[in-house]
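Student: Please see the structure below; I have some questions.
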Amino acid sequence: MIASEFKRRRRELMRIMGPGSIAILPTSPLQVRNRDVHYHYRPDSDFFYLTGFPEPEAVAVLIPGRKQAEYILFNRERDPKMEQWDGPRAGQEGACDNYDADDSFPIGDIDDILPRMLEQTDRVFYAMGCSPDLDKRLLEWINQIRCESRSGGQGPMEIIALDHYLHEMRLYKSRSEIKVMRQAAKISAKAHKRVMKHCRAGAWEYQLEAEFLAECGRLGTREQAYTPIVGGGGNACVLHYIDNRDTLNDGDMLLIDAGCELECYASDITRTYPVNGVFTEPQRQLYELVLAAQEAAIAKVKPGNHWNDPHMAAVRTMTRGLVKLGILKGSVPKLVREEKYKKFYPHRTGHWIGMDVHDVGDYKVDGTWRQLEPGMVLTIEPGLYIPSGTKGVAKKWWNIGIRIEDDVLVTKDGCDLLTKDTPKTVVELETLMAS
Ligand code: GLY
Ligand code: MN
Ligand code: MN
């Protein structure tokens, strides 16, 4: 992401905050996996959105209109001994020179310095509940300033939910964000294709996961937006199946939900196809139904439509199809009204996607579904799940879980499928798997 983009975001947020305000944002802590082993570090999305600063133990502060410095970064000091173990740190000089901070202080000095900044302001923009440690300290600092009020200072009287404003900004993707998301989608599409080519009876689910990860790495990122879901047969009916530890059986279908992360931007793609590369008739019928539901939903992604319109289109198509196949019985409008489809399609049709795979942004505004607008990106992912033993459903439909998921950008006059390079029709899938 270009440096000017972070600057533009900070400027926009400071414009919204207005003078007399301060925003305080911590990044994520390093997470221990077990004893001395840590998870690979991923900064907090809100913090990174405004700073592009990749190190842990940092707090960003924005004070619009402050003469000495509007953007202050508290971050780790240089430490040659620690850097020998964990790699280089930007330090205070690097924070200013490489990350555009107007000023930078050691994170260890925050208790001495930040209260002095706070007491000059009336309003604090802060996301309560995200960092229990900083929540506590912020309240202590404010109390400390109030105790000192006899000597003239008053400090902030208001704490405003920063996340609300920031998440509105993050919901509308800029040109450079879309460029990165398109690239992430392209990498994931290629990785899905590689999995399709390696899929065969007898392979282990985690071996296909490994093919996906390897291709993402080969193409430029080792990060994943979430843990891949790779499930054959009945495992595909477990929505959050991440064990990926079984072998694949001839005659079953495989569901793979996997997407890389690139420069802290997610992609999220699901494909489902037969392990042996050829659809049986019942598999094809169910697959074509989910595909039709997805197409109906995608057709509703355009400015002016509401968030719920794609979902309802998918639900109607799915219910109509399930009645046609004899899996549901009754009148379609009544089945939709009574949500009978939920037995087979228990989740919603999508979510916002951006820096977080389930991205920020309200789905309702003043109690009604939000209108879609250009620059928003969402997933469209209808699914149909019929585990073995499902009562009232003929055996030929059992053991099949199907989800088809793409990432969709709302454009000026419709939408653009960022993930369109991923094979999806029966013919495309069978052809690729046969090659
Ligand atoms: N991969 C998570 C989701 O599809 O929402
Ligand atoms: Mn998704
Ligand atoms: Mn997904």
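Derivation of every value follows stated rules applied to the coordinates shown; laboratory data play no part. All values reported here derive from a predicted model rather than from experimental measurement. As a convention, Cβ positions derive from the backbone with ideal geometry for all residues, glycine included, and neighbour counts pool all protein chains shown.
Student: Considering region 245-272 alone, what residues qualify as being assigned to a strand (DSSP E or B) and away from ligand 2 (no atom under 16 Å from the Cβ)? Talk me through it step by step, then tell me what you get.
Tutor: Filtering region 245-272 down to residues assigned to a strand (DSSP E or B) leaves 247, 253-258, 260-262, 265-266, 269-272.
If the condition is that a residue be assigned to a strand (DSSP E or B) and away from ligand 2 (no atom under 16 Å from the Cβ), then THR247, MET253, LEU254, LEU262 are the ones that fit.
Student: Separate question: Just wondering, is there one or more residues in region 374-385 that are in contact (Cβ under 8 Å) with a residue 12 or more places away in the chain, more than 22 Å from the chain's Cα centre (by Cα) and crowded, with 24+ Cβ neighbours inside 10 Å? It would help to see each step written out before you state the result.
Tutor: At the first step, the residues of region 374-385 found to be in contact (Cβ under 8 Å) with a residue 12 or more places away in the chain are 374-385.
Filter once more, so that each one left must be more than 22 Å from the chain's Cα centre (by Cα): 384-385.
Narrowing the set further to residues that are crowded, with 24+ Cβ neighbours inside 10 Å leaves 384.
Taking every residue of region 374-385 in turn, at least one turns out to be in contact (Cβ under 8 Å) with a residue 12 or more places away in the chain, more than 22 Å from the chain's Cα centre (by Cα) and crowded, with 24+ Cβ neighbours inside 10 Å.
Student: Please tell me if PRO310 is farther than 13 Å from GLU381 by Cα and in contact with a Ser or Thr (Cβ under 9 Å, 6 or more places away or on another chain). Walk me through how you get there before you give the answer.
Tutor: Details: farther than 13 Å from GLU381 by Cα: no; in contact with a Ser or Thr (Cβ under 9 Å, 6 or more places away or on another chain): yes.
Here the answer is no, as PRO310 does not meet what is asked.
Student: If you scan region 85-128, which residues turn out to be of a type outside the set (Gly, Ala, Ser), part of a helix (DSSP H, G or I) and over 19 Å from GLY65 (Cα atoms)? Spell out how you get there, then give the answer.
Tutor: In the first step, residues of region 85-128 are kept if they are of a type outside the set (Gly, Ala, Ser); the result is 85-86, 88-89, 92-93, 96-100, 102-103, 105-107, 109-126, 128.
Now narrow it down to the ones that are part of a helix (DSSP H, G or I): 85-86, 92-93, 96-99, 107, 109-118.
Across region 85-128, the qualifying residues are TRP85, ASP86, GLN92, GLU93, ASP97, ASN98, TYR99, ILE107, ASP109, ILE110, ASP111, ASP112.
Student: In contact (Cβ under 8 Å) with a residue 12 or more places away in the chain, within 18 Å of the chain's Cα centre (by Cα) and closer than 20 Å to ARG320 by Cβ: which single residue out of ILE404, ILE400 fits that description? First the steps, then the outcome.
Tutor: Numbers: ILE400 fails: within 18 Å of the chain's Cα centre (by Cα).
Step by step, each of ILE404, ILE400 is checked, and only ILE404 is in contact (Cβ under 8 Å) with a residue 12 or more places away in the chain, within 18 Å of the chain's Cα centre (by Cα) and closer than 20 Å to ARG320 by Cβ.
Student: Let me ask something else about it. Take the residues of region 347-372 that are of a type in the set (D, E, K, R) and either within 16 Å of ligand 1 (Cβ to nearest atom) or part of a strand (DSSP E or B) (or both): which is surrounded by the most Cβ atoms within 10 Å (Cβ to Cβ)?
Tutor: Taking region 347-372 and keeping what is of a type in the set (D, E, K, R), we get 348, 356, 359, 362, 364, 366, 370.
Next cut, either within 16 Å of ligand 1 (Cβ to nearest atom) or part of a strand (DSSP E or B) (or both) only: 348, 356, 359, 364.
Details: ARG348: 16, ASP356: 19, ASP359: 22, LYS364: 11.
Checked region 347-372; the qualifying residue surrounded by the most Cβ atoms within 10 Å (Cβ to Cβ) is ASP359.
Student: Okay, next question. For region 157-179, indicate whether the set of residues that are of a type outside the set (D, E, K, R), assigned to a helix (DSSP H, G or I), surrounded by fewer than 16 Cβ atoms within 10 Å (Cβ to Cβ) and free of Cβ contacts under 8 Å to residues at least 12 places away in the same chain is non-empty.
Tutor: Yes, some residue in region 157-179 is of a type outside the set (D, E, K, R), assigned to a helix (DSSP H, G or I), surrounded by fewer than 16 Cβ atoms within 10 Å (Cβ to Cβ) and free of Cβ contacts under 8 Å to residues at least 12 places away in the same chain.
Student: So how many residues does region 333-346 have that are part of a loop (DSSP other than H, G, I, E, B) and either away from ligand 1 (no atom under 16 Å from the Cβ) or free of Cβ contacts under 8 Å to residues at least 24 places away in the same chain (or both)? Break it down stepwise before answering.
Tutor: Taking region 333-346 as the starting set, the residues that turn out to be part of a loop (DSSP other than H, G, I, E, B) are 338-339, 344-346.
With the extra rule that they be either away from ligand 1 (no atom under 16 Å from the Cβ) or free of Cβ contacts under 8 Å to residues at least 24 places away in the same chain (or both), the set shrinks to 338-339, 344.
Total meeting the criteria: 3.
Student: Also: Can you find, within region 253-291, the residue that is farthest from ligand 1 (Cβ to nearest atom) among those that are surrounded by fewer than 21 Cβ atoms within 10 Å (Cβ to Cβ) and charged (D, E, K, R)? Talk me through it step by step, then tell me what you get.
Tutor: To start, the set of residues in region 253-291 that are surrounded by fewer than 21 Cβ atoms within 10 Å (Cβ to Cβ) comprises 263, 276-282, 284-285, 288, 291.
Filter once more, so that each one left must be charged (D, E, K, R): 263, 281, 284, 288.
On the way: GLU263: 19, GLU281: 28, ARG284: 23, GLU288: 21 Å.
Residue satisfying both the conditions and the ranking: GLU281.
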